[in-house]
1. On a 1.4 Å probe surface of the protein chains, which of 27, 4 comes out largest in accessible area, and what is the full order?
2. From the backbone phi of the stretch 70-80, what are the Karplus-calculated ³J(HN,Hα) couplings (6.51 cos²θ - 1.76 cosθ + 1.60, θ = phi - 60°) in whole Hz, Gly and Pro given as x?
3. Determine the per residue accessible area of the chain with all protein chains present and a 1.4 angstrom probe, expressed in square angstrom.
4. Pairs of alpha-carbon atoms within less than 8 angstrom and 6+ residues apart define the contacts here; what relative contact order does the chain have, in percent?
5. Would you mind counting up the charge near residue 73? Only other residues with Cβ under 14 Å from its Cβ, with Lys and Arg at +1 and Asp and Glu at -1.
6. For the chain, how big is Rg over Rh, using alpha carbon atoms and the Kirkwood form of Rh?
7. Over the heavy atoms of residue 101, what accessible area does a 1.4 Å probe trace out, to the nearest 10 Å²?
8. Hey, how many Å between the Cα centroid of the stretch 54-99 and the Cα centroid of the stretch 27-46?
Amino acid sequence: QVQFVESGGGLVQPGGSLRLSCAASGFTFRRYVMNWYRQAPGKERELVATIASAGQSTNYADSVKGRFTISRDNAKNTVDLQMNNLKPEDTAVYYCKASLIGSWGQGTQVTVSS
């Protein structure tokens, strides 16, 4: 059974940092592109960051470019999202998911507020 479990969210002040982590299971992790998405209240889920199967390339939404960094550990079946210089508009539930397979996990809430 394909599963994604996100953690690391919380309340942070503007300009602060958080590191999200996702533990994946039930599939051959190293073969799949991994993604982080987010969904803010009243908005559609959006793709935030993508990392290739071996970590050789990454892509980011324009809104987070230069502030967020996606990384993965294929030995541990984990994918992380380092978020720096957080802004109130980054407030959302964050989800990880492999491309093409699996269902959404429960996500982790990130709230950026003073």
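The values are calculated or read from the model by the stated rules, or taken from the named source; none is laboratory data. Everything numeric in this text was worked out from a predicted model, so none of it was measured. Virtual Cβ from ideal backbone geometry, glycine too; neighbours counted across all protein chains shown. Just the protein is used for accessible areas: all its heavy atoms, side chains included, with ligands, DNA and RNA removed. Shrake-Rupley method; radii C 1.70, N 1.55, O 1.52, S 1.80 Å.
1. The ranking, largest first, comes out as 27, 4.
2. These are the phi-based 3J(HN,Hα) values: 9, 8, 9, 10, 6, 6, 9, 6, 10, 9, 10 Hz.
3. Each residue of the chain exposes 53 Å² on average to a 1.4 Å probe.
4. RCO, the chain: 37 percent.
5. Within the 14 Å Cβ shell, the charges total +3.
6. On the way: Rg = 13.2 Å, Rh = 14.0 Å.
Expressed as Rg/Rh, it is 0.95.
7. Solvent-accessible area, nearest 10 Å²: 40 Å².
8. Using only Cα atoms, the two centres lie 9 Å from each other.
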